[in-house]
Every structure is written in C-alpha cells, then in structure tokens.
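First up is the structure itself, then whatever we jot down about it.
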Amino acid sequence: MCKAKIFDKSYEIVSNKEVCRGYFELKVKAGSGLKHCSPGQFFMIEVPGVFLRRPISVHYIKKDTLSFLYKVVGKGTTILSDISSGEIRLLGPLGKGYDLGICKTFNHVIVAGGTGIASVYFLAMKLGKKGILYYGVRSSKDLLCLDKFEKLGWKIKVSTEDGSKGHKGYITDVLEKNLKSNDMIFVCGPVPMLKKVIEVAKFKNVKGFGSFEEKMACGLGNCQGCALKVNGKIKMTCKDGPVFKIEQVEL
Ligand SMILES: Cc1cc2nc3c(=O)[nH]c(=O)nc-3n(C[C@H](O)[C@H](O)[C@H](O)COP(=O)(O)OP(=O)(O)OC[C@H]3O[C@@H](n4cnc5c(N)ncnc54)[C@H](O)[C@@H]3O)c2cc1C
Ligand code: FES
C-alpha cells in the first residue's frame, strides 16, 4: 500500500513519443519523492487549454523516470500528445494501488484489455514472482509492452478480436479455459471485460483485484463523479480505489 504524499507540481518532460500508432509514452523526471508509489496508482495530468486534468496510471517508475503510457482518444490526450518538451503539472500519486503483501502464495495471473496494459506492467515489475499475462486487444497493431513482459519472464497469452494474432475473440474465453483454483487475478481493462472476469472468477472461486477506470473529474474524492458500488456501499474510485477486490465489486 502506498504511503507516498500527494504532490501537485510541475515535472520536467524527458520525452513524449509515439510508441505504436495512436499510443504515446510520456516520461518525466520523477525525483526521489515517488519511491513508495504503488502499481495501480495514477496521476491527474494537467493539459494546457483543457479544464479538467486527465487521469493516467503509472506505467512504471525506474530510477528517476516516471512513465505514462496512453492512448489518444479525445481532446485532452490529443493536446497531450503534441507536447514534447518543457514541464508538465501532475497531481499524484493518487488512489489505492494493489496490495502486494497478500498475493505471494498464489499463481499470478494478469488480465489486461486495451490500455489496461499500461498499469499492469508496473504491477508485474513489483510482484517479483513471474506469472501469466492474458492480454486482449482489437487487433495486433494495438499490442503494447509484449517485449517488456517477456523480459520479466512472464508467459503471455494474446487474443485479438480480428484474429490477427493469437486467439481470435476475447481474452476472457482463454482465461475461462485456463484459470486454476490457486490463481490470483489482477485485471485492468474495459467494463465488459471486467464484468466477464468477475463472472469467471466467481464461478471458479478465484480471488483477485481489479483496477476500475471510471470517468474522473477531481481525482481526490471531492466531486462524487466516480462512484462505484463495492461490497454494498458506494465508494469513490479515485480515492477508495481504483483497485478493489473483484469479488466485492457490483458493476
Ligand atoms: C484511474 C485511471 C487510470 C487511467 N489510466 C490510463 C492509462 O494508463 N492509459 C490510458 O490510455 N488511459 C487511461 N485512462 C483513461 C484516460 O483517463 C482517458 O482516456 C482520458 O481521460 C481521455 O481524455 P480525452 O480528453 O482525450 O478524452 P475525452 O473523451 O475528450 O475526455 C472527456 C472527459 O472524460 C474523461 N474520460 C474520458 N474517457 C475516460 C476514461 N476511459 N476513463 C476516465 N476518464 C475518462 C476525461 O478525463 C475528461 O474529463 C485512465 C483512467 C482512469 C480513471
Ligand atoms: S473523481 Fe471526483 S470523487 Fe472521484
């Protein structure tokens, strides 16, 4: 669990480059204050000319580099992708990340859909023990970070909706066939995928954690805009999450 302070300050941009069509990696100089930042946490990124900051997960922190991996989808990320130097204002690290302490005895299974891969790479780095990555995307041209997971020694199962690589269809079909009782799931992806993973996990009596990326405005628990029902109670995804136990989330 992260004990890091929340900072609201400007960071020097190291680079902001397109790593694959429509996907960018932003690297900033992190300094020493972010050592305790945990996988699953995120920052609200201030984009010039845009009213609300945009939430983006920590892709990784290595030495003094803080990295974000993002897809260009709308106004904020389009403007962000045009910035290549100077400084950028970030609020964070925010939210509660994955609790790594209780996962040691299980087989680690990461399930990522689309840009969900961005935050789970930091998780794979920190988990220590290797596991299996189940990674689903629309097409092979959307596949990111495979080399990074390979370098960490993870086994990788891929699915594409158009059949251009790996299993044709959804990655949850592959997960359903292979999930074992002593697996522990870590999932990040779009809501339909999260729903299916929760269903499969319940059926197989497997526990896990999911990162739930609700639309966010403040990122601090003040606007009530990111409410999610967890264990029968309303929780703020930005403050109480974004990581929750999957068996407790009602989507
Ligand atoms: C905790 C968290 C972590 C995230 N991490 C990543 C990441 O690592 N990489 C990545 O590519 N994307 C990530 N997202 C999604 C990302 O925040 C949105 O794609 C981005 O805000 C879209 O902004 P836009 O202005 O380009 O699009 P627009 O659609 O124009 O955005 C309009 C508004 O909706 C919000 N919004 C739109 N889509 C989303 C979304 N899917 N989730 C949350 N808010 C949204 C924006 O913040 C903004 O306030 C994350 C979202 C959350 C909540
Ligand atoms: S984004 Fe404002 S309460 Fe969560």
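Any read-out appearing in this document is the output of simple, stated calculations on the displayed coordinates, not a laboratory observation. Note that this is a predicted model, so its numbers are computed, not measured. Counting neighbours? That spans all protein chains shown, and the Cβs are built from the backbone with ideal geometry, glycine included.
Calculated from DSSP H runs of 4 or more alone, at -39500 (n - 2.57) each and per residue, what is the 222 nm mean residue ellipticity of the chain, nearest 500?
Taking each H run of at least 4 residues, the total per residue is -5000 deg cm²/dmol.
Lysines within cross-link reach of LYS229: Cα-Cα under 23 Å, excluding same-chain residues under 8 positions apart?
Within the straight-line limit of under 23 Å, LYS229 reaches these lysines: LYS96, LYS195, LYS196, LYS202, LYS204, LYS207, LYS215, LYS239, LYS245.
From the P(r) of the stretch 1-141, can you give the percent of Cα pairs sitting at distances over 22 Å?
38 percent
Nearest 5 percent is fine: what portion of the DSSP beta bridges confined to the chain is antiparallel? Mind showing how you got there, number by number?
Numbers: 38 of 63 bridges.
Around 60 percent of the beta bridges assigned by DSSP in the chain are antiparallel ones.
If you scale each eigenvalue of the Cα gyration tensor by 5 and take the root, what three semi-axes come out for the stretch 153-194, rounded to whole angstrom and sorted largest first?
Working through the eigenvalues yields semi-axes of 18, 14, 10 Å.
Which FRET efficiency value, to the nearest 0.05, do you get for SER140 and ALA217 by plugging their Cβ-Cβ distance into 1/(1 + (r/R0)^6) with R0 = 30 Å?
About 0.30, to the nearest 0.05.
With r defined as the distance between the Cβ atoms of ASN205 and PHE7 and R0 fixed at 45 Å, what FRET efficiency is calculated, to the nearest 0.05?
0.65
With θ taken as phi - 60° and the coefficients 6.51, -1.76 and 1.60, list the Karplus ³J(HN,Hα) couplings across the stretch 15-27 in order, rounded to whole Hz; mark glycine and proline as x.
Each residue's phi maps through the Karplus curve to give 6, 8, 10, 6, 9, 6, 3, x, 10, 10, 10, 9, 10 Hz.
When you take every Cα atom in the stretch 211-250, what is the radius of gyration, and what is Dmax, the widest Cα pair distance, in Å?
Just the Cα atoms of the stretch 211-250 yield Rg and Dmax of 9.2, 27 Å.
Would you compute the Debye intensity of the stretch 28-102 from its alpha-carbon atoms alone, equal scatterers and no solvent, and pass along log10 I(q)/I(0) at q = 0.25, 0.26 Å⁻¹ to two decimals?
-1.29, -1.36
Pull out a ≥ b ≥ c, the square roots of the eigenvalues of the alpha-carbon gyration tensor of the stretch 142-217, then state rounded if a/c is under 1.5, prolate if not and a/b is larger than b/c, and oblate in the remaining case.
rounded
For the chain, calculate the relative contact order in percent as a whole number, restricting contacts to Cα pairs under 8 Å that are 6 or more residues apart.
Contact order relative to length: 17 percent.
What full-extension length gain, to one decimal in nm, is calculated for LYS233 and GLU150 as 0.36 nm per residue of separation minus the Cα-Cα distance?
Full-extension gain reported as 26.0 nm.
Using the alpha-carbon centroid of each, what span in Å lies between the stretch 1-76 and the stretch 123-150?
Their Cα centres are 19 Å away from one another.
Once you place label points 7 Å from the Cα toward the Cβ at LYS35 and VAL191, how far apart are they in nm?
A separation of 4.1 nm, rounded to one decimal place.
In whole angstrom, and with the biggest value first, how far do the Cα coordinates of the stretch 100-250 range along each principal axis?
Rounded to whole Å, the extents work out to 42, 34, 28 Å.
Full extension from LYS62 to SER164: what is 0.36 nm times the residue separation minus their Cα-Cα distance, to one decimal in nm?
33.5 nm
Rg/Rh for the stretch 1-65 to two decimals, with Rh computed the Kirkwood way over all alpha-carbon pairs.
0.95
Dipole of the stretch 100-250, Cα-centred, from +1 at each Lys and Arg C-beta and -1 at each Asp and Glu C-beta, to the nearest 20 debye?
The calculated dipole for the stretch 100-250 is roughly 380 debye.
Multiplying the sequence separation of LYS177 and SER84 by 0.36 nm and subtracting their Cα-Cα distance, what value in nm do you get?
Extra length from LYS177 to SER84 when fully extended: 29.1 nm.
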